[in-house]
Amino acid sequence: LLKLRESFPPDFFLNGWWKGASLPDDLKLQAKRPVFGDLTPRRDGKLDIYYVRGGLDYRLRLWEVFSALPRFHVREAELMGSLRPYMTFSLAHPVPAADYPQYDLMLFTSIPHPALGAANWYAVADYVQAGGACLFTGGEFAFGKGGYHHTVLERELLPVLCAENLDAKYCDPPALLQPGKDFAELGVKADFTAKPAFYCYNQVALKPGAKVFLQSGSKPILVGWPVGKGRVACLLLDHRGKSGDGLTMFFDWKDWPALMRAVMNWLAPDATKELPLPLPAGTEIAAGLKQLATDTARDEAIDTEEKNPFAIEGEPGVTLEPDDLRVRNLLLANLLRGDGKQTAAAFAGQLGKVANLPVETREAMLEVVRRTPPAGLAQLATTAVACRTPAVRETGFQLLALAGDPAFVSLATTPPPPGSESPVQRDRALACAVACYVKPDLLPRAKACVEALNAKELKLKMDYTGGKDFSLAAPEQPCLTSEELYARLGWLAYLANADPQDYAVAFTRQWLLIPQYVGYTEQGLENIAKDRGVLTDKQKKTMREGYLDYAAALARLDRVCTAAFQRCYAAHPDLAARGFAQAHFLREVTRAIDFLAPRPAAADQAVLTVLTTAPQERLAAFAKARLGQ
């Protein structure tokens, strides 16, 4: 194999094989390696998995593998693109390199090198060196044919060397799995007398020092080794073939899920430890708050009124200059690590004045204020609501709702003067705010709004399907406008806690569906990109901006609805379970699992029992695995 490898030097790929795919980019970065900072994984007591999915990888039963882990969280990114005429691959919903420390394990199921991009693979290498873990599975888009030759993957991470570019080999008859010399290190029992078999494997050469957990004759099948403070493993199998006639494919083997869990535990042995980030000292927080007060006083001395076509009465918000904004954001980021009781009032003040804070910072501060509402919040909220700048005013709506101030009821039930502000912006701000409100005095209004929208949706659906409620021409999707859907989500979030018996189940289902609604916006953007001259450039631009604006607004609403759902679940898990059981789309099933997976199974036993009979197969399988059935 090493002799064969000599036939595939870098020039072989650079001058052919689709011009090396992303190898040229990798080699350029080798001369000037990118710097990513500290990528040490943060341990929070659960196994956090970045799952990069290749085609048909469901056959590996990985969700069944995950489901029996004590506590876990999975973030998926799907492979997109094509092999010809060039290796034009990418990922849907990728994780940026700066967020790699949020994950204990990265799982790549037949993922080609171009999909992640050369720079991100260098970040993966740094992440593993710092204590992270990676598991690569084989197939037509991994190892040799995946473009791993001569890249940082092969040089620094993998316990194997690619022998050739077409390295997916077939066995006829199928070959059998056997324990390797290091199998006992996994600490798992497996019945190899069941003769688990495979049809396709990736033929590679082992590096010295590689551990062999599984083999087939002389062929290494599951190998791994330490890299710096982390570990890497490679499953050199493709998930082809079918069990039957006395043959059991490895992925149908009853011990397969337990074996894969053992591999994950070997890769990330520290994942279940809880090592919270150290909190800044009280003196550091006090100094930061003092500096924030000084900077804020300076802000208020500067006139930064914005030109707003929907200006309302009140003071303008403060818009920081780029350098000032960068400094302010760093200061706030440090304060966000402190105790919310110390910082919530200062955060509310910033939210009510500074117009151009980054969305992530604004939402993180709002979360602190939600958890620990400070004294005087109503006064701060009133100032923000009166602001002319939309971003500040919208936040002010939420602050006023969190304060439980009577003025919020008037705001939510009284239409503004004509032309005073953008109706869409105001309605979206109100939807986010009512989701935060906890007093019962909006019940009549909320019920009337939700029932009217439900009636409209039902009528449209019945009209469309000829009274049948469903047809192949009318798949399950909302029959409301995007803004009506947005408003209903906000009101349902309020009602789920104000009148849970009547509305908690419906809100749970709508909360699960938010990722599906995000998917509709993504599909809209994709349709615009695929347009072949039906739309003008101006129409495309307008539509694209509309979709992106709605997606950002939906993300804001999702945050407050998630907080409302957490309150609802804590008080009424039985009702939430009924909503979970109605999950249909894969995105909503994934959200239900994401919510339950980080929690100890014993705490949710009654909910999981309900879900064992859920119509959606993945959700039912997840619940059964959590209960050990």
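The values are calculated or read from the model by the stated rules, or taken from the named source; none is laboratory data. Just so you know, these numbers come straight off a predicted model, no measurement behind them. Here the Cβ positions follow ideal geometry from the backbone for every residue, glycine too, while neighbour counts run over all protein chains shown. We work out accessible area using only protein heavy atoms, side chains counted, and drop any ligands, DNA or RNA first. Shrake-Rupley method; radii C 1.70, N 1.55, O 1.52, S 1.80 Å.
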Practice item. Find which of PHE470, LEU1, GLY217 sits farthest along the positive direction of the dipole of the chain, computed with +1 on the beta-carbon of Lys and Arg, -1 on that of Asp and Glu, about the Cα centre. Key: GLY217
**Study point:** Anchor LYS541: lysines whose Cα lies under 26 Å away (excluding residues fewer than 8 positions away in-chain)
**Key:** LYS307, LYS530
Check your understanding: Of the beta bridges DSSP finds with both residues in segment 87-209, what % are antiparallel, to the nearest 5?
Key -> 65
Review point. How far is the Cα center of segment 573-595 from the Cα center of segment 489-534, in Å?
Key: 14
Check your understanding: Where a Cα-Cα gap under 14 Å defines reach, which aspartates and glutamates qualify for LYS211, not counting those fewer than 8 residues away within the same chain?
Key -> ASP182, GLU185
Exercise for review: Could I get the Rg over Rh figure for segment 501-607? Both from C-alpha atoms, Rh via Kirkwood, rounded to two places.
Suggested key: 1.12
Exercise for review: Quote the charge dipole size of the chain about the Cα centre in Debye, to the nearest 20; the model charges only the Cβ of Lys and Arg (+1) and of Asp and Glu (-1).
Suggested key: 1220
**Study point:** Selected from THR536, PRO515, ALA455, residue furthest toward positive end of dipole (segment 399-551; charges at beta carbon)
**Key:** THR536
Review point. What is the log10 of I(q)/I(0) for the chain, computed with the Debye formula using one identical point scatterer on each Cα and no solvent, at q = 0.05, 0.07, 0.12 Å⁻¹?
Key: -0.27, -0.54, -1.37
Review point. From the Cα gyration tensor of segment 373-489, with a ≥ b ≥ c the square roots of its eigenvalues, which class applies: rounded if a/c is under 1.5, or else prolate if a/b is larger than b/c, or else oblate?
Key: prolate
Study note, to complete from the structure: Bridge orientation stat for the chain from DSSP, antiparallel percent rounded to 5, came to 55
**Study point:** segment 20-69 - percent of accessible surface contributed by carbon and sulfur, probe 1.4 Å
**Key:** 53
Review point. Excluding ligands, DNA and RNA, what is the solvent-accessible area per residue of the chain at a probe of 1.4 Å, expressed in Å²?
Key: 45
Check your understanding: Kirkwood hydrodynamic radius (Cα pairs, Å) of segment 77-137?
Key -> 12.2
Practice item. With a bin width of 10 angstrom, please list the P(r) values of segment 345-418 as percents of all Cα-Cα pairs, from the 0 bin to the one holding the largest distance. Key: 22, 55, 21, 2
Revision key, fill the gap. For LYS32, counting only lysines whose alpha-carbon sits under 27 Å away and dropping same-chain residues fewer than eight positions off, the answer is LYS19, LYS145, LYS207, LYS229
Check your understanding: Of all DSSP beta bridges located in segment 19-164, what percent are antiparallel, nearest 5?
Key -> 25
Revision key, fill the gap. Under the helix-only model (-39500 (n - 2.57) for each DSSP H run of 4 or more, divided by the residues of the chain), the mean residue ellipticity at 222 nm, to 500 deg cm²/dmol, is -15000 deg cm²/dmol
Check your understanding: What shape does segment 109-216 have by the C-alpha gyration tensor, where a ≥ b ≥ c are the square roots of the eigenvalues, rounded means a/c under 1.5, and otherwise prolate means a/b greater than b/c and oblate the rest?
Key -> oblate
Point to revise | Among ALA614, ALA287, ALA384 the positive-end extreme of the charge dipole of the chain (Cβ point charges) | key: ALA614
Revision key, fill the gap. Inter-part gap, Cα centre of segment 168-213 to Cα centre of segment 402-474, in whole angstrom, is 58
Review point. For segment 48-150, what does the alpha-carbon gyration tensor say about shape, rounded, prolate or oblate, given a ≥ b ≥ c as the root eigenvalues, a/c under 1.5 as rounded, and a/b over b/c as prolate?
Key: oblate
